[in-house]
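The values are calculated or read from the model by the stated rules, or taken from the named source; none is laboratory data. Quick caveat, the model's predicted, so the values are computed rather than measured. Here the Cβ positions follow ideal geometry from the backbone for every residue, glycine too, while neighbour counts run over all protein chains shown.
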Amino acid sequence: MAPATTDLAVDGASVTTFDRFGDSRGYFNELYNETKYDGSLVKEWKQVSFSSSGKHALRGLHCSPYGKFITCVRGAFYDVIADFREDSPTFGRWCGVLLTEHNKKQVYVPARCGHGFFTFEDNTCALYLQEGTFNPPGEMDTSPFDSFVSVKWPIPPGVQPTLSAKDTVAPHLSVRRPHLCNATPRGRILIIGASGQVGAALVEAYGPRNCIGTYSSTAQPNMVPFDLSAAAMNPQLAEDLIQMVYPTVVCICAGMTWVDGCERDAALANRLNCVGPAVVAAAARKFGAKTVWYSTDYVFDGGRKLKKGPYTEADPTSPLNVYGSSKLEGEKQESHAAVATGEAGG
């Protein structure tokens, strides 16, 4: 199977999942093959580098004038990309990917972006393919705890990460760019289904700078792909998304709102309106994020006389179709913040 490359939340950054060939002797990996890899990764690699780190080492944030392709060949680390490019639509945004020797993932870091990682195991080794050769005058080090980018490093409570002397004294971005002294970090609101009616309205309300949105099929600028139906069958996809963004709040606006379509494919409706949202909410809880999920008034049968206003949470539910019943089951599985709405697509 050919390597699969997916866009990340920083413009131009990507994660690639590669194949592994194993037998009784062990396994073999192709860590790069220009005839098989995505066209965006067909580069002229000019330097290959290798690093070994102890457990709980923190490297970064290092910014180079060339791109890098990162692979974990032993151990595990959380790899971070921070957008330092002021001409980029995602300037100030960061994202992260868990790379391990087992999960067969690689990350492409665009030129002029900050890069760093935090290790979880001793003897963790990283392999770098570089589009340029190391040249100290062209490199820029920034504090991994920079207040403008504000990376959420997954450092366990009570752990003091090991930094190099150089990284320990690396300045914040605003020291080199004084005009950023009063700049605030971008928000971390994850909008599942930001290309839909409800999701787009939320992005507009919160401001694009504070949101990271997803789309399901048609690529949208500055959004990341996410298939809620696929996540219902493979919860790891939801966990990967949440771990990439580390949001403070997740708004699940995606779902199957086509009433007739729900009747025709009840299994798909259940994945999109029930199981998928529950899987996302579980992943959000694991990483400390709150979840807001949108239900519908189709969970009611419409028989109540609305003399005193709209339905309330105290009213009995009695859905009359698959759409309503799939949403009601979703409410039962995920009741943290189920907001009842009228007909609106996400």
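Exactly one residue out of Leu31, Leu41, Leu61 is within 23 Å of Cys95 (Cα to Cα) and in contact with a Gly (Cβ under 6 Å, 6 or more places away or on another chain), and it is Leu61. Scanning region 7-25 for residues that are farther than 20 Å from Tyr66 by Cα and within 16 Å of the chain's Cα centre (by Cα) yields one hit, Thr17.
Here is a check on your reading of the model: is Tyr298 in contact with a Cys (Cβ under 8 Å, 6 or more places away or on another chain), part of a helix (DSSP H, G or I) and not basic (Lys, Arg)? Here the answer is no, as Tyr298 does not meet what is asked.
Could you grab me the full set of residues in region 108-130 that are of a type outside the set (Ser, Thr, Tyr) and either in a loop (DSSP other than H, G, I, E, B) or more than 13 Å from Gly60 (Cβ to Cβ) (or both)? Across region 108-130, the qualifying residues are Pro110, Ala111, Arg112, Phe120, Glu121, Asp122, Asn123, Cys125, Leu127, Leu129, Gln130. Look at (1) at pLDDT 90 or above; (2) more than 30 Å from Arg93 (Cβ to Cβ) and you find that Glu313 fails only one, number (1). Scanning region 175-210 for residues that are polar (S, T, N, Q) and under 14 Å from Pro247 (Cα atoms) turns up just one, Asn210. Please indicate, with yes or no, whether at least one residue in region 4-11 is part of a strand (DSSP E or B), without any contact (Cβ under 8 Å) to a residue 24 or more places away in the chain and among the acidic types (Asp, Glu). No, region 4-11 contains no residue that is part of a strand (DSSP E or B), without any contact (Cβ under 8 Å) to a residue 24 or more places away in the chain and among the acidic types (Asp, Glu). For residues that are among the polar types (S, T, N, Q) and in contact (Cβ under 8 Å) with a residue 24 or more places away in the chain, scanning just region 162-179, find the one that is surrounded by the fewest Cβ atoms within 10 Å (Cβ to Cβ). Filtering first and then ranking leaves Ser164. From the list Thr133, Thr184, the one residue that fits, being assigned to a loop (DSSP other than H, G, I, E, B) and not assigned by TED's automatic domain parsing to the domain that holds Ile81, is Thr184.
Within region 323-346, track down each residue that is of a type in the set (A, V, I, L, M, F, W, C) and at pLDDT below 75. Once the filter is applied, which keeps residues that are of a type in the set (A, V, I, L, M, F, W, C) and at pLDDT below 75, region 323-346 yields Ala337, Ala338, Val339, Ala340, Ala344. The set of residues from region 259-287 being assigned to a loop (DSSP other than H, G, I, E, B) and without any contact (Cβ under 8 Å) to a residue 24 or more places away in the chain comprises just one member, Asp265. Residues that are farther than 18 Å from Gly92 by Cβ and assigned to a loop (DSSP other than H, G, I, E, B) occur at least once in region 138-150. Listed by first and then second residue, the pairs with beta-carbon distance under 6 Å, at least 6 apart or on different chains, first residue in region 139-161 and of a type in the set (Ser, Thr, Tyr), second outside any loop (DSSP other than H, G, I, E, B), are Thr142/Leu61; Thr142/Gly114; Thr142/Leu173. Gly67 passes every criterion in (1) surrounded by fewer than 23 Cβ atoms within 10 Å (Cβ to Cβ); (2) out of contact with any Ser or Thr (no Cβ under 8 Å at 6 or more places or on another chain); (3) assigned by TED's automatic domain parsing to the domain that holds Ser14; (4) more than 20 Å from Ser14 (Cβ to Cβ) apart from (4). For Ala238, the requirement of being hydrophobic (A, V, I, L, M, F, W, C), assigned to a helix (DSSP H, G or I) and at pLDDT below 95 is not met. Only residues that are in a strand (DSSP E or B) and basic (Lys, Arg) were counted in region 52-97, giving 3.
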